[in-house]
Amino acid sequence: MTPPPTPAVASPPRARTVGAPMGVVATLRHALRYWQPHWRIAAVLLVMLVVPQSYKAFFAYSQRLIVDGGLLGRDAATLVRTVALLGLGFAAAAVATIAADYLGARAGAAIVNEIRRRMFGHLQQLSVSFFAGARSGDIVARFTSDLADIQKSLTTRVIDAVFATVGLLINVPVAFALEWRLALVMVLGMPVVGLGTRLFGAAAAAARYALKQQEAAIASFVQDTVRVQPVVKAFSLAGRLVATFESHLAAAAQRFVRAEFSAQLVGSGSALGVLAVQVLVLGVGAALAFRGTLSPGTLVAFLALHAVVSKDAYDLTKKVVPALIASSGGLRRIEELLAEPVAVADPPGAKVLPRVTGPIRLEGVSFAYPEGSRVLEGVQLEVRPGERVALVGPSGSGKSTVIQLLLRFYDPLKGRVTVDGVDLREVALASWHAQVAAVFQDSMLLSGSVRDNIAVGRGDATQAEIEAAARAAEIHDAIVALPAGYDTEIGEAGGKLSGGQRQRIAIARAILRDPALLLLDEATSALDPATEAAVSATLDRLSAGRMVVSVTHRLAAARSAHRIVVLAGGRVVESGTHDELLARGGLYRELWDRQSGVAVSADGADARVAPAWLESVPLFAGLDEDARSALASRFRARWWAAGETVVREGEEGDAFYVIARGKVEVVVAAGEAARRLAVLSDGDFFGEMALVDDAPRSATVRTLFPCLLLALARADFQQVLAANPELRARVHAAARSRRGGGWTPV
Ligand SMILES: Nc1ncnc2c1ncn2[C@@H]1O[C@H](COP(=O)(O)OP(=O)(O)OP(=O)(O)O)[C@@H](O)[C@H]1O
Ligand SMILES: [Mg+2]
């Protein structure tokens, strides 16, 4: 698999903005849409909300009956009847309120889970390119903090809003029935109540969205820094990261103040409006009563009713609206995720592939990653039935990309990928994937048991089939030795499984599928030589009779393929058998010579450089045979684990390195990130400047795989040169001239 791109730990947050800012009304509309599937509960809930609101209206109205009829009119029967009705009303309101609370909670749980289900389901359908560009912290934030934000407003606040609206719908007509002049004053005052929303609503929603984006950026930043800790350590980036984090925090604080303040302004502006109308109604009411055109009972009743209306209006403006605004940012971010297009989808009437026999072809395929430059150009590739094809070539030549196109992670820009003559674009993807198995460099075990991990290969496999696959992959005995055998959780087993064993589990998973096409992308590259030889032998055995495309940077591993295809710069430059390609004397020959000049012992513990190999290093190009032999004998081999820093930018260099096996990346610090200059593998070298210059290292070299490196210490080198001053001068001249060249010597 492609080595992970050099981590940029402080890149600006990637904002996937598709939606427009969501105001209060839009948020409410979206929220109500989520309620649609639960309309039955919603209908019952609505009835339950009408009951207490009607009771409140009656309670207010009853004051006129009590004051004017009962007290002033001395009518005991009216008093008793009214109080009895109030008691009944109260009981009904109490039952309805409790029922509404319960129904609200149930609908809330269903709605939120439904959103989660939709988001997760949608996420699984998104293309590989979405994940290549997305920051996982941002996605997780949409599931956690954004969803938590909207959970309350989608349920409780929507119910509150409906409750208050129902209240207004009931109480306003009652108010008119009670006293139309005061009701008119009340209604004419209503627009003042909406003033806060009108003035600040849009700004408040935008501010909230900005805050949510910033919070997601912080989550992503933290996650990124956790992921790239080795780089952080290697480059001493901690101080800079803390500074960047501080600036994130400052931005978050600023956005929080803006979002919170503007949301409260909306609420407070409206709430003040409510209070103003209240004073107005009281004033007008008192004046009318004073003149005798309004009975005291009606005034008392109207003021009670107006208190109910005011409370509803106040709740709506001061509680519900700010809460809806607060959730609009999260809701918009969730809707954005759901709106993310599914890139590779089955066409209508997609063909279900019968058992694939071959051939599989790439026909004139050109490809570029989204927002990237051309990676493949007119690639022609054929895998005939039963044929094993090896893809080799320099790092970045497009080998893994070919694998991804065969898996239809992407579609080609030009040309087509065909299986038994059918364009992959016309195929039901599941029917193709069921016949392909891929093993990557990193076996990517999922959480769950060992059995689950193998059964991923075929959901309906029996225990006997799973065991047979594990035996074929030669991992059965190791699994049985685990504490709970096949039921051991991968998390627990992870530490107890070696890299080779994990890779074998991935192979068992592939075998279980009995694939027509087996794809191997550096499947054995991260293993030590002894394990690699054993796993390779297993793979060779299992490959027999199948179509196989294997990617490897190690040519010795490609040697036995029926056909070797050499990629360079996204084009097929050569293809043929190992012997044919050697005879051609092209790129393959060059790579082969370079790799075979460094011999590794069978157990992988030792390696040596062939004197002739030194010819390929410009610095040593002019050395005579004796000097070359003397130098070659001074190289010392040592294993490095994956992720180790061999050479650190800025430090003094004291050795020159040749890669006997493995893969390293050459990176330089660029601002707060690290920029990758090159990826080097078997037969490549680095660090030659240290031999001739006192200058500090110009880049950092980190191992991507476990590496066997051969080191030539500066002191050893100087000793050899000391015997030959003329040569020494030539070496220095060569080093100086190289420095002007393209790639910076380390
Ligand atoms: N997801 C991606 N988005 C954009 N560019 C990519 C992506 N993956 C790979 N590339 C680029 O495409 C080119 C080919 O990459 P690819 O991974 O196919 O090379 P490779 O031959 O497998 O290399 P290696 O031997 O290092 O694994 C490289 O230039 C790489 O930077
Ligand atoms: Mg690759």
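The values are calculated or read from the model by the stated rules, or taken from the named source; none is laboratory data. Being a predicted model, the structure only gives us computed values, none of them experimental. Note: ideal-geometry Cβ built from the backbone for every residue, glycine included; neighbour counts use all protein chains shown. Quick note on the areas: whole protein, heavy atoms, side chains included, nothing else; ligands and nucleic acids left out. Shrake-Rupley method; radii C 1.70, N 1.55, O 1.52, S 1.80 Å.
General remarks:
- Sparse packing (at most 16 other Cβ atoms within 10 Å of the Cβ) combined with a DSSP loop state is found for the following trypsin sites (Lys or Arg not before Pro) in region 436-538: 496.
- Summed side-chain charge close to residue 659 - residues other than residue 659 whose Cβ falls under 9 Å, Lys, Arg +1, Asp, Glu -1: 0
- Residue 719 sits among other residues whose Cβ lies under 15 Å from its own Cβ, and their net charge, with Lys and Arg +1 and Asp and Glu -1, is +2.
- Between region 513-534 and region 166-186, the alpha-carbon center distance in angstrom: 79
- Ranking by accessible area, most exposed first, for 332, 157 with a 1.4 Å probe: 157, 332
- The aspartates and glutamates whose alpha-carbon is closer than 20 Å to the alpha-carbon of residue 319, local same-chain residues fewer than 8 away aside, are 101, 146, 149, 160, 260.
- Residues with amide H under 5 Å from that of residue 550, placed H, sequence gap 5 or more: 389, 390, 391, 520
- Solvent-accessible area, 1.4 Å probe, carbon plus sulfur percent, for region 351-420: 53
- Working from label points 7 Å from Cα in the Cα-to-Cβ sense, the residue 498 to residue 44 distance is 6.2 nm.
- Net charge in the neighbourhood of residue 682 (other residues with Cβ under 10 Å of its Cβ; Lys, Arg +1, Asp, Glu -1) is +3.
- Calculated accessible area for region 596-705 comes out at 39 Å² per residue, all protein chains present (probe 1.4 Å; ligands, DNA, RNA ignored).
- The helix-only estimate of mean residue ellipticity at 222 nm for the chain, built from DSSP H runs of length n ≥ 4 each weighted as -39500 (n - 2.57), is -17500 deg cm²/dmol after division by the residue total.
- Evaluating 6.51 cos²θ - 1.76 cosθ + 1.60 at θ = phi - 60° for every residue in region 77-89, the Karplus couplings come out as 4, 4, 4, 4, 4, 5, 5, 4, 4, 4, x, 4, x Hz, glycine and proline recorded as x.
- Nearby lysines by direct alpha-carbon distance to residue 351 (threshold 25 angstrom, same-chain neighbours under 8 apart not counted): 414
- Counting DSSP beta bridges with both ends in the chain, the antiparallel % (nearest 5): 70
- Gap separating the Cα centres of region 91-109 and region 302-355, nearest whole Å: 22
- The Rg/Rh ratio of region 125-229, with Rg taken over Cα atoms and Rh as the Kirkwood radius over Cα pairs, comes to 1.25.
- Cα-based shape type of region 599-739, given that a ≥ b ≥ c are square roots of the gyration tensor eigenvalues and the cut on a/c is 1.5: oblate
- For residue 663, a cut-off of 29 angstrom between C-alpha atoms picks up these lysines, skipping any fewer than 8 places away in its own chain: 233, 399, 496.
- Sparsely packed loop sites in region 365-395 (the GluC sites (Glu not before Pro) outside DSSP H, G, I, E and B with at most 16 other Cβ atoms within 10 Å) comprise 371.
- Between region 682-723 and region 416-455, the Cα center-to-center distance that results, in Å: 42
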